[in-house]
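**Q** Structure incoming, see below.
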Amino acid sequence: MIRHPVARDELEPLIDALDDRWLTKAGARTEELRRAGRWDGGVKIWSDIKGVYRGLQHDKCAFCERRLAGPPYGAVDHDVEHFRPKGAVRGWPPAARGRDRLSYSFETGGDWPEGYYLLAFNPWNYTTACKVCNSALKRSYFPVAGRRISGAEDPWALKSEGAFLVYPLGEMDADPESLITFRANLPVPRVKSGPRFRRASVIIDFFRLDIREELLWERSDRIVSLFMALDLAATGSASRRALAERSIAQHLSPFSPHTSCSRAFHDLYQADPDEAARIADECQLYLDSHSRPQPAARGRRR
């Protein structure tokens, strides 16, 4: 994950530019929900402004950083994701058996029937995500370390809940790259203990960022490509170096898939080129084999 910059006073003008009636309609729907005291399942208008979030996120999933379709088919490929669920929240992790079972030594919040219904039409409660992250994994879960706040209307005022998931737009939340880095194609917590370690661990587990084969394959591909560009920039002719440097900049830009993984590998190359070469070779072997990675034990404790 990476942070996608947008100032607090910039989001609504972007929405107005796309649909100058949306905020008025959102306010009216919020008032209906306030009177109902719950999510009513009624008119849904968030897809009307999906393009704002797709643009801010450079057509990437907010959570796994896969590159999704752009215009004209992006509206199909991207889901508008309610960061805090608008309806009843289910406790996470769910009960499961075998390798998918997760167990933590800390609380992650239980069922909460009320949900965040007054945030259903709040622009700061939206991102766009791929269907795996949104529909298959996130669903109506929202793990927290603290007490959920009833009747919340301002996402910026909910820091005390101690959300484990991180909101990637603007500066409302932590920079995801301050929580998670990469060893080769695998995401790992940036620190080894404490709240940031726990938060990073939950994010990785929640979205299965360390075991989804499509993510491991795509990250491996980016690492090999970036290594070749870095090596060419260091050893090639002047014209080749210029091309390589453009490729490096593209890998590290927020427009590219798996930017956070590429940035971590770039930092490693600067610090230890030999280790970077070894990892690039391992990633190429993984791509060659098309083998499914051995999943980490899902019954581990944090």
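The values are calculated or read from the model by the stated rules, or taken from the named source; none is laboratory data. Keep in mind that this is a model prediction, so the values were computed, not measured. All Cβ positions, even for glycine, are placed from backbone atoms using ideal geometry, and neighbour counts span all protein chains on display.
**Q** What about residue 34, is it surrounded by fewer than 16 Cβ atoms within 10 Å (Cβ to Cβ), among the basic types (Lys, Arg) and within 30 Å of residue 254 (Cα to Cα)?
**A** When the stated conditions are applied, residue 34 does not pass them.
**Q** Of all residues being acidic (Asp, Glu) and more than 23 Å from residue 7 (Cα to Cα) in the stretch 37-78, which is surrounded by the fewest Cβ atoms within 10 Å (Cβ to Cβ)? Just the residue, please. Spell out the reasoning first.
**A** To start, the set of residues in the stretch 37-78 that are acidic (Asp, Glu) comprises 40, 48, 59, 65, 77.
Applying the additional criterion that residues be more than 23 Å from residue 7 (Cα to Cα) yields 40, 77.
Values: 40: 15, 77: 17.
In this case the residue turns out to be 40.
**Q** Would you mind finding the one in 129, 120, 95 that is surrounded by 22 or more Cβ atoms within 10 Å (Cβ to Cβ) and over 28 Å from residue 261 (Cβ atoms)?
**A** Only one candidate qualifies: 120.
**Q** Taking residue 52, is it at pLDDT 95 or above and in a helix (DSSP H, G or I)?
**A** For residue 52, the condition - at pLDDT 95 or above and in a helix (DSSP H, G or I) - is met.
**Q** Any idea which residue in the stretch 55-76 is farthest from residue 15 (Cα to Cα), counting only those that are in a helix (DSSP H, G or I), out of contact with any strand residue (DSSP E or B) (no Cβ under 9 Å at 6 or more places or on another chain) and not β-branched (Val, Ile, Thr)?
**A** 75
**Q** Considering every residue within the stretch 176-192, establish whether at least one is more than 21 Å from residue 275 (Cα to Cα), over 16 Å from the mean Cα position of the chain (by Cα), touching a residue at least 40 places away in the same chain (Cβ under 8 Å) and in a helix (DSSP H, G or I).
**A** no
**Q** Tell me, which residue of the stretch 193-247 that is surrounded by 15 or more Cβ atoms within 10 Å (Cβ to Cβ) and of a type in the set (Ser, Thr, Tyr) is farthest from residue 276 (Cα to Cα)?
**A** 201
**Q** Is it the case that some residue within the stretch 194-204 is part of a loop (DSSP other than H, G, I, E, B) and either within 30 Å of residue 47 (Cβ to Cβ) or without any contact (Cβ under 8 Å) to a residue 24 or more places away in the chain (or both)?
**A** For the stretch 194-204, residues part of a loop (DSSP other than H, G, I, E, B) and either within 30 Å of residue 47 (Cβ to Cβ) or without any contact (Cβ under 8 Å) to a residue 24 or more places away in the chain (or both): absent.
**Q** Check the stretch 144-167 and report whether any residue there is surrounded by 22 or more Cβ atoms within 10 Å (Cβ to Cβ), in the same structural domain as residue 52 (by TED's automatic domain parsing) and small (Gly, Ala, Ser).
**A** Yes, some residue in the stretch 144-167 is surrounded by 22 or more Cβ atoms within 10 Å (Cβ to Cβ), in the same structural domain as residue 52 (by TED's automatic domain parsing) and small (Gly, Ala, Ser).
**Q** Give the stretch 1-17 a look and list any residue that's surrounded by 14 or more Cβ atoms within 10 Å (Cβ to Cβ), farther than 14 Å from residue 169 by Cα and of a type in the set (A, V, I, L, M, F, W, C), or say none.
**A** Across the stretch 1-17, the qualifying residue is only 15.
One line per residue, one yes/no per condition, for (1) in contact with an Asp or Glu (Cβ under 8 Å, 6 or more places away or on another chain); (2) not polar (S, T, N, Q):
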position	(1), (2)
114	no, yes
132	no, yes
135	yes, no
149	yes, yes
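**Q** Answer yes if at least one residue in the stretch 86-104 is over 24 Å from residue 131 (Cα atoms), in the same structural domain as residue 157 (by TED's automatic domain parsing), at pLDDT below 95 and small (Gly, Ala, Ser), and no otherwise.
**A** The answer is yes, given that some residue of the stretch 86-104 is over 24 Å from residue 131 (Cα atoms), in the same structural domain as residue 157 (by TED's automatic domain parsing), at pLDDT below 95 and small (Gly, Ala, Ser).
**Q** Within the stretch 211-227, is there a residue that is under 18 Å from the mean Cα position of the chain (by Cα), closer than 21 Å to residue 180 by Cα and either among the β-branched types (Val, Ile, Thr) or assigned to a loop (DSSP other than H, G, I, E, B) (or both)?
**A** Within the stretch 211-227 (the criterion being under 18 Å from the mean Cα position of the chain (by Cα), closer than 21 Å to residue 180 by Cα and either among the β-branched types (Val, Ile, Thr) or assigned to a loop (DSSP other than H, G, I, E, B) (or both)), the answer is yes, since at least one residue qualifies.
**Q** Out of (1) surrounded by 19 or more Cβ atoms within 10 Å (Cβ to Cβ); (2) in a loop (DSSP other than H, G, I, E, B), what's the single condition that is false for residue 81?
**A** With respect to (1) surrounded by 19 or more Cβ atoms within 10 Å (Cβ to Cβ); (2) in a loop (DSSP other than H, G, I, E, B), residue 81 is out only on (2).
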